[in-house]
Amino acid sequence: MSRININDTLPDFQITTSLHDDVKLSDLVKQKTVFWIIRYIGCTVCRYDVHLLANNYQKIKDKGYDLFVVMQSDKAHIINELKDANIPFEIICDNKLEIYKTLEINPAASKEDMVKDKEKLAAKVANAKALGFKHGDYEGDELQLPALLITDKDLKVTYVHYGNDITDMPSVDELIEKIL
C-alpha cells in the first residue's frame, strides 16, 4: 500500500492494544476516531504526548471522537510504563511496525532529518522533564516519524498528516480547536 489519503479507507488491521489481544480495528472503531501515531512509550516526548492526550481526552470525546495512540511499543512495555497513569484511551501496540510500514509512515533518513525545529523539540522536552518524564527503553525504529489520521466510523480517512520531522505534528490544542 502507499501513503493513505483523504477518502481512502484505512486497512482493517488485526491489532493488539493495551486492553485487547488480536482484534480487528473495525471491532474497536465505533465512531469518528483520531489515530495519533508516534514512536514508543520510552520516548520522553511521546510519553508527554500521551499525557497531554489523556488530560484532554474528554474534550476530544465531547467533539464526538474517539482516540487511539499507535506506538512501536509492545503491550508489556505499555502496561508497565503506564501502570500508575490514568490513561482513558487504548494504545495500539505495533511493535512489528505493520501499521507504520503499510501506511508508509517512514522513519527519517538520518538523525539530522528527524529534528528540524530544535527549539520546538527543546521546549517539549523541557515540559516533559518538568513533569518527571525521562527516557525509558528503546523500541522500534529510533528515527520513526509521526502521523495523525482521523477516520469516520467506517475507517474512511477524513484527515491525514504525515510528519516531516518529529516536531511536525499539530499540538493537542490545535487538534481539538482547529481540526476536530
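Things to note:
- Of all DSSP bridge pairs formed entirely within the chain, close to 60 percent run antiparallel.
- Mean-position separation - Cα centroids, the range 158-176 and the range 56-127, in angstrom: 11 Å
- The range 1-41 - percent of accessible surface contributed by carbon and sulfur, probe 1.4 Å: 47 percent
- Look at the dipole of the chain built from charges on Cβ: of Leu19, Ile176, Tyr65, the Cα furthest out on the positive end belongs to Ile176.
- Computed over protein heavy atoms with a 1.4 Å probe, the accessible surface of the chain works out to 49 Å² per residue.
- Subset of Lys32/Lys61; Lys96/Lys134; Lys24/Lys96 violating a 19 Å alpha-carbon distance limit: Lys96/Lys134
- Projected label points at Lys111 and Lys96, each 7 Å from Cα along the beta carbon direction, are separated by 3.1 nanometres.
- Element breakdown for the range 82-180 at a 1.4 angstrom probe: carbon and sulfur atoms account for 48% of the accessible area.
- Exposed trypsin sites (Lys or Arg not before Pro) absent - longest run of the chain, DSSP non-H/G/I/E/B, at most 10 other C-beta within 10 Å: 31-82
- For the chain, the 222 nm mean residue ellipticity estimated from helices alone, with every DSSP H stretch of n ≥ 4 adding -39500 (n - 2.57) and the total spread over all residues, rounds to -7000 deg cm²/dmol.
- Charged-residue dipole, Cβ positions (Lys, Arg, Asp, Glu), the range 52-180 about Cα centre, Debye nearest 20: 300 debye
- Length released on extending from Asp173 to Thr9, taking residue separation times 0.36 nm less the Cα-Cα span: 56.4 nm
- Here is the tail figure for the range 1-56: Cα pairs spaced more than 15 Å apart come to 64 percent of all pairs.
- Computed Rg/Rh of the chain, alpha carbon atoms with Kirkwood Rh: 0.92
- Dipole moment magnitude, nearest 20 debye, the range 48-112 about Cα centre, only Lys, Arg, Asp, Glu C-beta charged: 100 debye
The values are calculated or read from the model by the stated rules, or taken from the named source; none is laboratory data. Just so you know, these numbers come straight off a predicted model, no measurement behind them. Every residue, glycine as well, gets a Cβ built from its backbone with ideal geometry; the counts of neighbours run over all protein chains shown. What goes into the accessible areas is simple: the full protein's heavy atoms, side chains included, and nothing from ligands, DNA or RNA. Shrake-Rupley method; radii C 1.70, N 1.55, O 1.52, S 1.80 Å.
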